[in-house]
Amino acid sequence: MASGLAEFVVIANRLPVDRITGPDGETTWRKSPGGLVTALEPVIRRKGGAWIGWHGAAGEKLRPFEHEGMNLVPVPLSEEEVEEYYEGFSNATLWPLYHDVVAPPEFHREWWDAYVRVNQRFAQKAAKIAKKNAVVWVQDYQLQLVPTMLRELRPDLRIGFFLHIPFPPTELFQQLPWRRQILEGLLGADLVGFQMPGAAQNFIRLVRQRVGHKTHRDTVYLPDGRTVLAQAYPISIDAAGFEELARTPEVIARAAEIRESLGNPKVVLLGIDRLDYTKGLRQRLRAFGELITEGALDVDDAVFIQVATPSRERVGQYILLRDDINRLVGRINGDVGRIGQQPVTYLHASYPREEMAALYRAADVMVVTPLRDGMNLVAKEYVACRYDEKGALVLSEFAGAASELKSAYQVNPHDINGMKQMLLAAINADPRENARRMKAMRRQVMENDIDLWAANFLRELNAVRDPHAKNPRP
Ligand code: GDG
């Protein structure tokens, strides 16, 4: 991508492609699955935009390249930066801090230094490729300093930021030794988007208390006359795409095959998560295990499939969690299983989208029980795949999705007894009751898809006008 040409720039920790090596040793790029890419790709194509991100290999420098009509601009990270900026500050400091401290965050000054350095690198790349007055959209917690760094380099740009994870209340955020710098970093944006209105309010309150700027409702008034809007944009999925996939004969056949291979049990329960301590895997498996031990569910009748996609495998808390879940699954299967009858089918692996759709179709009860989650797309994907209006969703009230999916069987994942009751309620409900709930949830998910999410955010970002700007935009 030539300098100064992009009218629209997305900045994210990762590029939207994965490198794959063919049988002949040739490497090519493949678009990574995920709603964000699906939503932003058409905008990037239409506007001749670019995506800036790390390409996934430490220590390697790559030139910008084009992939399926998108200009991709790789940002290099050294081995040490991956450890300190990505695994360290992003995933062992910010991630647990922003998720209610469900694991203790670690604070290390060298990690912070790497975070600043890498954020600066991303900002410099964007400053170089963005056209005059271009729109730049920065994504997520790894890049919270980029908005201000970029504004300093390029005051002409219109800058948006979206946080995919929760934004914590003051009481937790203030643990961060660099709390003020993070707030000031975000304030470089014209529009700061969050999943939930409560997160936007947390941010506004912190800016008032910690930085001392004047605020009113969703607006921050900066001393230089600029304003920053903080609003909620609950993210969604490519809902029609998921439904279409779930309707294919291959997926329908595969769903039947999955049930068959489990011995056609009466009830299939399903969990699909990245293997992460925020997802409440332990609580959900314990609840299910107890239902079997106590005889409320029969091991001949009920099977729990848990897919745990490998994630952040070099971060300490994730290594501990993996052992913990292995042990728990082993204990449940050992205690209550019989020959040929394992109550929990545990899969520590990742699967293609088709297999995910087949699993969603095969599941009578989808169990989504995070202790804290920005949104949770798995819950929405399940709903999108159930055009047959069958199946039930058990959903944690601590997932952002809970405020939209009101007809789910909502649970407090810390309350194991409550969760057991709700699992039984979902399993034993009259199918008409479950159809009623599913219909209501489908209305929500099918109407509010990822395209609408991106369009809403970008419309607001384009509408942001600064009455006091020294160089008002044309
Ligand atoms: C963060 C926030 C927020 C999972 N395993 C496989 C696979 N997946 C896909 C799912 C889903 C996505 O990964 C996971 O999204 P979630 O929203 O459930 O959770 P996080 O990864 O924690 O995402 C979250 C999200 O950002 C978006 O803003 O909702 O709150 O934490 O799409 O389908 N996909 C494939 N194979 C797998 O094995 N193909």
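Throughout, read-outs are computed from the coordinates displayed, never taken from laboratory work. Predicted model, so just to flag it, every value in this text is computed and none were measured. Glycine also receives a Cβ, built like all others from the backbone with ideal geometry; neighbour counts cover every protein chain displayed.
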* Can you pull the one-decimal nm distance between simple spin-label points at residue 421 and residue 351, each 7 Å off the Cα toward Cβ? => 3.2
* **Spin-label zone in the stretch 142-183 - amide nitrogen under 18 Å from a point set 7 Å from the Cα of residue 124 along the C-beta vector** => 143-155
* Structure fact -> Within the under-9-Å Cβ sphere about residue 236, not counting residue 236, Lys/Arg +1 and Asp/Glu -1 give a net charge of -3
* To do: Please report, to two decimal places, log10 I(q)/I(0) for the stretch 352-431 at q = 0.11, 0.13, 0.18 Å⁻¹ as given by the Debye formula with identical point scatterers on the Cα atoms and no solvent.
  => -0.26, -0.37, -0.71
* Given 0.36 nm per residue, what is the gain on full extension from residue 205 to residue 252 after removing their alpha carbon distance, in nm? -> 12.0 nm
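So what is the calculated 222 nm ellipticity per residue for the chain, using -39500 (n - 2.57) for each DSSP H run with n of 4 or more, over all residues, to the nearest 500 deg cm²/dmol? Display every interim value, and only then the final one.
Details: 16 runs with 187 residues, N = 474.
Roughly -12000 deg cm²/dmol at 222 nm, from the helical runs in the chain.
In nm, what is the difference between 0.36 nm times the number of residues separating residue 222 and residue 403 and their Cα-Cα distance? The partial results should precede the final answer.
Numbers: separation 181, 0.36 × 181 = 65.16 nm, distance 3.17 nm.
Gain on stretching residue 222 to residue 403: 62.0 nm.
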* Report the charge-dipole magnitude of the chain in Debye, nearest 20, computed about the Cα centre from +1 at each Lys and Arg Cβ and -1 at each Asp and Glu Cβ. => 1600
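Using a 10 Å cut-off on Cβ atoms, rank the peptides 261-269, 81-89, 434-442 from the highest mean neighbour count down.
Working: 261-269: 15.7, 81-89: 22.2, 434-442: 18.7.
Output ranking for 261-269, 81-89, 434-442: 81-89, 434-442, 261-269.
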* Asked: Which of the lysines could a cross-linker span from residue 125 if the Cα-Cα distance has to be under 17 Å and same-chain partners fewer than 8 positions apart are dropped?
  -> 61
* Asked: Is the shape of the stretch 228-320 rounded, prolate or oblate, going by the alpha carbon gyration tensor and its root eigenvalues a ≥ b ≥ c, with a/c under 1.5 for rounded and a/b larger than b/c for prolate?
  -> oblate
* Spatially proximal aspartates and glutamates relative to residue 214 (Cα-Cα < 19 Å; intrachain offsets below 8 disregarded) -> 184, 190, 224, 466
* P(r) for the stretch 303-457: what percent of alpha-carbon pairs falls in each 5 Å bin, starting at zero? -> 2, 8, 15, 19, 22, 17, 10, 5, 2, 0, 0
* Asked: Using the beta-carbon distance between residue 387 and residue 46 and R0 = 45 Å, what value does 1/(1 + (r/R0)^6) give for FRET efficiency, to the nearest 0.05?
  -> 0.90
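Listed here are the pairs 31/406; 31/279; 266/406; 279/406; 47/132; 47/128; which of them are more than 23 Å apart at the Cα?
On the way: 31/406 33 Å; 31/279 26 Å; 266/406 26 Å; 279/406 19 Å; 47/132 14 Å; 47/128 17 Å.
As for pairs spanning more than 23 Å Cα to Cα, those are 31/406; 31/279; 266/406.
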* With the dipole of the stretch 183-250 worked out from charges on the C-beta (+1 for Lys and Arg, -1 for Asp and Glu) around the Cα centre, which of 189, 235, 201 lies farthest toward the positive end? -> 201
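Quick check: convex hull of the Cα atoms in the chain, volume per residue, rounded to a whole Å³? Mind showing how you got there, number by number?
Working: hull volume 70.5 nm³, N = 474.
Here the figure is 149 Å³ per residue.
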* To do: Would you mind giving the average projected area, over all directions, of the Cα convex hull of the stretch 63-211 in nm² with one decimal?
  => 9.4
